[in-house]
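**Student:** Starting off with a structure, shown below.
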There are 2 protein chains.
Amino acid sequence: MKSLLSTIKISVPEKIFLKDPESSDLGKRIIGHSILLIDEIGFDSFTFKKLGTKIGSNESSIYRYFESKHKLLLYLTSWYWAWIEYQLVFSTSNLPNPTEKLLKAIEVVTRTIKEDNDFLHINEIKLNQIIINEYSKSYLTKEVDSENKEGYFVVYKRLITRLRDMILTINADYKYASSISSTIIEGALHQHFLKEHFTSITDCSETVTPTKFFQELTINAIKS
Amino acid sequence: MKSLLSTIKISVPEKIFLKDPESSDLGKRIIGHSILLIDEIGFDSFTFKKLGTKIGSNESSIYRYFESKHKLLLYLTSWYWAWIEYQLVFSTSNLPNPTEKLLKAIEVVTRTIKEDNDFLHINEIKLNQIIINEYSKSYLTKEVDSENKEGYFVVYKRLITRLRDMILTINADYKYASSISSTIIEGALHQHFLKEHFTSITDCSETVTPTKFFQELTINAIKS
DNA sequence: CAAATTTAATAGTATTACTATCAATTTTGC
DNA sequence: GCAAAATTGATAGTAATACTATTAAATTTG
């Protein structure tokens, strides 16, 4: 996938940033190193001041790109879901069988990211870890409704809608196509978290993947 | 359920608090009003200073019960899950049919709390809202592994284990009994959140409950 | 090469998440 | 009923956070 993706720009809702970080070298360093730093110390301890030190730049310069660290998280998560969406569309487009298509789509949204290949300044493995550990914090806020109106979550919602449509193609009468789609995507992040921190309440492990679990779950749900 | 529960003390892991809030009037006011205040302004904006003002007490007095607001959240969530666990055990104990038992258990862990009856100083409806909006924040931290070792999440894990055992009673060969149990409990909170804030990616609503969705999902998963 | 833009440096603010100390009040044990 | 013990309240203080504002230096661009 490398050659294709490296020429593509992942598109993030414009209102999330003050100045497009893809438009400058400093911007790309902000994105690249924020991923490394959030992965290292966690989003709660992450500050623009610490990031400034890491990239040899100034706190105030970072504030010209993002008005808060919360907006930066929204940027990273939107970028991540847009990247997953691209993979989903690309890797299912040539599959004629709707069930195969759905199984492939579930694989794409539930698998562990194991390679950091597609974009030079972005470590996709660590970004995936950030999504597992921090994604919920981007919407579990008192501002969620106004931010949703601003379009900050469109990419995530569109991804879920795509999965839903694949399910409805197989069984238009299934009553919970949206709910199972949102459960797969959120649930997969949760299972990945559990296998790292609460092994006693998951069956997933190095050898048993969330992918298999959610594929079986979905097929059984919609085919009966 | 009122008469029975009001005489019972919900038991929370002792290390979570410095001084048992159930042991004094001030302690109960801390718990009672923290639920109201967190529900009102959200956990992120919640501080012990604001809580002190609300209950006509001092910030420093609250610190004698909990060493941080994070610990207070752990207390509230443990209390909540212990209360749910009690309901689960109580309301399934006299059901002889394993499938009926499981369906009842799923109902208990996925339903909306609509009544505030059981404990005088605790508003169970608002506490349920806090669990929906803030629970993830209690474990999505860099300290999760050490806090897990301290036993701060035992109640939650035990609840999931109980559900898992009910599933295994019906089908001992089902490979994902733990994963589906954790998915039901976390997923139900997520569906409740979605129906309040992201209606386009859920089928749940005033009339369609997460309970029905997860009951069907589970039965289809384990019976095939 | 001058003007415009971007970045860096510094300073400042209100708030947060605490800790420490001591006084006032309440509880308790005899 | 009272002294001792425990609890609570009031005040002060600290380092860090999450910013904003201003001005200077460096870089880009037309």
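The values are calculated or read from the model by the stated rules, or taken from the named source; none is laboratory data. Computed from a predicted model, the values in this text were never measured in an experiment. Counting neighbours? That spans all protein chains shown, and the Cβs are built from the backbone with ideal geometry, glycine included.
**Student:** Quick check on segment A:61-71: of everything there that is more than 14 Å from chain B (Cβ to nearest Cβ) and either of a type in the set (Val, Ile, Thr) or within 22 Å of A:Ile131 (Cα to Cα) (or both), which residue is farthest from DNA strand C (Cβ to nearest atom)?
**Tutor:** The selected residue is A:Lys71.
**Student:** Could you say whether any residue in segment A:97-112 is in a loop (DSSP other than H, G, I, E, B) and within 24 Å of A:Asp165 (Cβ to Cβ)?
**Tutor:** yes
**Student:** Going by the conditions given, is B:Lys101 more than 11 Å from chain A (Cβ to nearest Cβ) and in contact with a Ser or Thr (Cβ under 9 Å, 6 or more places away or on another chain)?
**Tutor:** yes
**Student:** Could you tell me whether B:Ser146 is facing chain A (nearest Cβ under 10 Å), more than 23 Å from B:Trp83 (Cβ to Cβ) and of a type in the set (S, T, N, Q)?
**Tutor:** No, not satisfied.
**Student:** Considering only residues that are basic (Lys, Arg) and in a helix (DSSP H, G or I), which ones fall in segment A:32-71?
**Tutor:** Within segment A:32-71, A:Lys49, A:Lys50, A:Lys54, A:Lys69, A:Lys71 qualify.
**Student:** Being hydroxyl-bearing (Ser, Thr, Tyr) and more than 16 Å from DNA strand D (Cβ to nearest atom): is that true of A:Ser78 here?
**Tutor:** Against the criterion (hydroxyl-bearing (Ser, Thr, Tyr) and more than 16 Å from DNA strand D (Cβ to nearest atom)), A:Ser78 qualifies.
**Student:** Against the conditions (1) surrounded by fewer than 17 Cβ atoms within 10 Å (Cβ to Cβ); (2) within 13 Å of chain A (Cβ to nearest Cβ), where does B:Asn117 fall short? Just the number, please.
**Tutor:** (2)
**Student:** Which one is nearest to DNA strand C (Cβ to nearest atom), of the residues in segment B:38-60 that are at pLDDT 95 or above and of a type in the set (Ser, Thr, Tyr)?
**Tutor:** Among residues in segment B:38-60 that are at pLDDT 95 or above and of a type in the set (Ser, Thr, Tyr), the one nearest to DNA strand C (Cβ to nearest atom) is B:Thr47.
**Student:** Another question about this same structure. Which residues, taken from segment B:36-60, are within 14 Å of DNA strand D (Cβ to nearest atom) and aliphatic (A, V, I, L, M)?
**Tutor:** B:Leu51, B:Ile55
**Student:** Considering only segment B:43-64, I want to know if a residue exists there that is surrounded by 15 or more Cβ atoms within 10 Å (Cβ to Cβ) and within 15 Å of the chain's Cα centre (by Cα).
**Tutor:** No, the conditions are met nowhere in segment B:43-64.
**Student:** Another one. Which pairs do you get when a residue that is at negative phi, found in segment B:1-30, comes within reach of a residue that is at pLDDT below 90, reach meaning Cβ atoms under 6 angstrom, with the pair 6+ apart or on two chains?
**Tutor:** Listed pairs, sorted by first residue: B:Lys2/B:Asn117; B:Leu5/B:Asp118; B:Lys28/B:His121.
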